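Worksheet: one structure, shown below.
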Amino acid sequence: MKAERLVKYRRISPAHLNQDKMKRYEKFADEVAELIRRGVLAPGEKVPSVRHASRTYGISPSTVFQAYYLLEDRGLIVARARSGYFVREHAQRPLHEPEIARRQAETTDVDVSELVFSVLDSLKDPDTVPFGSAFPSPDLFPLPRLARSMAQSIRDMPAQEIIADMTGGNGHLRRQLALRYMVSGVMLPPGELVITNGAMEALNLCLQAVTSPGDLVAIEAPAFYATLQVLERLKLKAVEIPVHPREGMDLEALADSLARLPIKACWCMSNLQNPLGASMSEDRKRALYELLHTHQVPLIEDDVYAELYFDNQPPKPVKSFDRDGLVMHCSSFSKCLAPGYRVGWVAGGRFAERIGRLKLMTTISPSVPAQAAIADYLQHGGYDRHLRKLRHALEAQQDAMLASAARHFPASTRVTRPSGGYFLWFEFPETVDSLQLFQQALAQGISLAPGPIFSATRRFANCARLNYGYPWNTRSEQAMELLGRMLRSF
Ligand SMILES: Cc1ncc(COP(=O)(O)O)c(C=O)c1O
């Protein structure tokens, strides 16, 4: 009975199956997988028996068996004794992982701001489905509890602190941060922490502290678009190093560039890289540190998503391997607690003093009440409990987006499966132009972050980053279905 439905389905026909005799079973498996993704074959449903499928499609029973074994391996169907094969209730994420991008230009000037601003401008409409957003839903943050901390800490603040805390940063906050570093195995010498206006200021100051205009900086490809903008603003040249979707920065490529080029700094996210979500293993983090240490190239470690891990253990930063202050470790509360409070920091290693001075020469200090509020919350508000809840919510939302993508996007779409954070990186079929897709989607009230904004050389034209940081609902599902239809029209 299911076989009739399969035959009626446009893309599956005996003629189609015969096109590629060499890999008939793979083609047949792909066609059945596509039906599962589209829900034609629903979870729990029986797939056609081997005999039935073999007769209907004119393929041998062994070809059907091979196809079903393959689908079993992919986690899409299960065999039940004496009953045949059934679609799994929770068919495992059937879209494949993207491959690592190849290197292109040796070094490049950066000029992406116009493109980035035009994309960011269009993300402001609160009525769009926010797949392009850089933040999780504000509903996931304990804002009322933070407001209480704000009121309390301002009430209790000695008059002198409101001025004194501007230069060094709020003392309570510095202690709380040092404590969190200590628990994660990093002992910070006092004075290494500089409190900043979000991680963005920290990253800017770090780069300024160790480079001059015209210098070369090793960055990731793809990279967080603001990284590119900072390089552009400071007139630095990018050396793009490919990032593997799971393993992180390609260390061989980095070693090669370090050996040949006078690179002055390396900017890298070792945990939950934006946009790929890659996290480096501890061995690779250590190797990255040793490599940079050999060349005495400072590392600017952007670690803003580190608290949003789904594994049992918090990931270590490269900073935890730092022997002599070569690593500037930057983070903030923007992604996991208090977006808009603009409180971040850098553990600046041997560059801390220079970074602190640059801060005094530019913004002087982040808002003292905001720092005090966060310090109070860290001490009394139940931060770790909040983080556990947040990670749980994000993990469930990731499952929902992956399952939805598998249902609605073309089968050849590739997607990352990060072990944390709230972004998925999609690599669509080659024919897809993600800037065009972005415009079409926006016209239908859906935002997304198109691939080229993540590259100094405007690569990743058929890729996009989608945010799953908002609770999944019917609107999200409909938006994915609509995107799927747009993707098929390219
Ligand atoms: C990778 C990365 N680094 C830094 C930042 C900036 O963080 P903040 O908002 O704390 O300045 C962001 C925010 O989007 C980010 O995604």
Please find, within region 354-374, the residue that is nearest to Ala151 (Cα to Cα) out of those that are surrounded by fewer than 24 Cβ atoms within 10 Å (Cβ to Cβ) and among the small types (Gly, Ala, Ser).
Ala370
Of the conditions (1) under 27 Å from the mean Cα position of the chain (by Cα); (2) in the same structural domain as Ala253 (by TED's automatic domain parsing), the single one that Ile154 does not satisfy is (1)
What tally of residues in region 333-374 results from selecting those that are of a type in the set (S, T, N, Q), touching a helix residue (DSSP H, G or I) at 6+ places or on another chain (Cβ under 8 Å) and under 30 Å from Tyr470 (Cα atoms)?
2
Could you tell me whether His408 is outside the structural domain of Pro314 (by TED's automatic domain parsing) and under 30 Å from Leu173 (Cβ atoms)?
no
Qualifying positions in region 264-283 - within 16 Å of Leu299 (Cα to Cα) and surrounded by 24 or more Cβ atoms within 10 Å (Cβ to Cβ):
Cys266, Trp267, Cys268, Met269, Ser270, Asn271, Gln273, Met280
Taking Ala456 and the conditions (1) touching a strand residue (DSSP E or B) at 6+ places or on another chain (Cβ under 6 Å); (2) at pLDDT 95 or above, which numbered condition does it fall short on, given that it satisfies the others?
(2)
Do we have Leu437 as buried (at least 17 other Cβ atoms within 10 Å of the Cβ) and either part of a helix (DSSP H, G or I) or without any contact (Cβ under 8 Å) to a residue 12 or more places away in the chain (or both) here?
yes
Here the residues within region 468-486 that are under 14 Å from Thr128 (Cα atoms) and among the aliphatic types (A, V, I, L, M) are Ala479, Met480, Leu482, Leu483
Flagged in region 172-231 as among the polar types (S, T, N, Q), in a helix (DSSP H, G or I) and either within 16 Å of the ligand (Cβ to nearest atom) or not assigned by TED's automatic domain parsing to the domain that holds Glu301 (or both), in numbering order, are Asn204, Gln208, Thr227, Gln229
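The values are calculated or read from the model by the stated rules, or taken from the named source; none is laboratory data. This structure is a prediction, so every number in the text was calculated from the model and none was measured. Cβ: placed from backbone, ideal geometry, glycine included. Neighbour counts: every protein chain shown.
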